[in-house]
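Report on one structure; see the data block that follows.
Coordinate-derived values only; no laboratory data. Note that the structure is predicted; figures quoted are calculated from it, not measured. Positions of Cβ are backbone-derived with ideal geometry, glycine not excepted, and every protein chain shown enters the neighbour counts.
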Amino acid sequence: MRFDIFTLFPGAYEGPLTESIIKRAQDDGLIEIALHDIRNWSTDRHRSVDDYPYGGGAGMVMMAPPIVEAVEETLGDDVGRVPIVLPSPAGALFTQVIAREFARADRLAIICGRYEGIDQRVTEILGAREVSIGDFVMTGGDLAAAIIVDVVARLIPGVIDNESLAMESHTSGLLEYPQYTRPQRYRERDVPEILLSGHHARIDAWRREESLRRTCERRPDLLERASLTSTEREQVKRWREAGANE
Ligand code: ADE
């Protein structure tokens, strides 16, 4: 899979995309990441890419022409065929479901804004998808882009092992259960007995219940879409009633 990132700060990706698993995925030829400096498509001698907002207001807005031309020239016929993502705090929430959808494409373009935003016509002309990585505001889209690449890349077959993918948080619609490793006792805290039992069926049942308990406590919003057995739904109801009576 190929990622094309359009940015004003190519240096921002040093680190997040040049270490560890994402580095290895590139070395192994599983993914390719190309960084494009939007300023190279500026048309004036100051290399400007932003201007004052129509209607007034604080800050600067990134102009449409350098971005649209950078993307069209780089993607060619792939414009309209591959997803073009525009990280923005005003976008729809980026989730594992959306990541899986992006991972099915053979190419993904990401447009990063700085300043107070990007001219709306960029989204319209390129058919871009505005996505937010959470309900908070960052100084720009570059860290969000690095996160999106990381989340999508690890879904590409071969980037991480399949078992880790199947077991983790959000894949089942629930949060992940707690994990332990040696030492068995640390500062008077013991690893739960069941995990030492070697009884795989009981361990799986315990982990499932812990996932459910955590999700119920920390992210009850996820329970609506998670696939639960009727026994699990009843358990959730009991925990909620017990919580309400506290
Ligand atoms: N740019 C600034 N804040 C952002 C957010 N929360 N998600 C995506 N892009 C952003």
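Restricting the GluC sites (Glu not before Pro) of region 97-158 to loop positions (DSSP other than H, G, I, E, B) with no more than 14 neighbouring Cβ atoms within 10 Å leaves 116. Its Kirkwood hydrodynamic radius, worked out from the mean inverse distance over all distinct Cα pairs, puts the chain at 21.0 Å.
Computed over the alpha-carbon atoms, region 149-246 gives an Rg to Rh ratio of 1.02, Rh here being the Kirkwood radius from the mean inverse distance.
Backbone geometry of region 154-167 corresponds, through the Karplus equation with coefficients 6.51, -1.76 and 1.60 at θ = phi - 60°, to 3J(HN,Hα) couplings of 6, 8, 6, x, x, 6, 9, 6, 4, 5, 4, 5, 5, 8 Hz, x marking Gly and Pro. Take the Kirkwood radius over Cα pairs of region 1-87, plug it into Stokes-Einstein at 25 °C and 0.890 mPa s, and you get 165 µm²/s for translational diffusion. Equivalent-ellipsoid semi-axes for region 99-192 (Cα gyration tensor, √(5λ), whole Å, largest first): 36, 18, 11.
Per-residue Karplus couplings for region 74-85, computed as 6.51 cos²θ - 1.76 cosθ + 1.60 with θ equal to phi - 60°, are listed in order as 6, 8, x, 5, 6, 5, x, 9, 10, x, 10, 10 Hz, Gly and Pro entered as x.
Within the chain, DSSP assigns beta bridges of which about 15% are antiparallel (rounded to the nearest 5).
Fully extending the segment from residue 137 to residue 162, taken as 0.36 nm per residue of separation minus the present Cα-Cα distance, adds 5.7 nm. Each part reduced to its alpha carbon centroid, region 135-176 and region 13-81 end up 21 Å apart. Packing around the peptides 75-81, 162-168, taken as the average count of other Cβ atoms within 10 Å per residue, puts them in this order, highest first: 75-81, 162-168. For region 50-152, taking Cα atoms only, Rg and Dmax work out to 13.5, 41 Å respectively.
Can you tell me the FRET efficiency between residue 194 and residue 106 if r is taken as the Cβ-Cβ distance and R0 is 45 Å, rounded to the nearest 0.05? Present the calculation step by step, with values, prior to reporting the outcome.
On the way: r = 44 Å, r/R0 = 0.97.
Between residue 194 and residue 106 the formula returns 0.55.
For region 1-132, DSSP calls about 10 percent of its internal beta bridges antiparallel.
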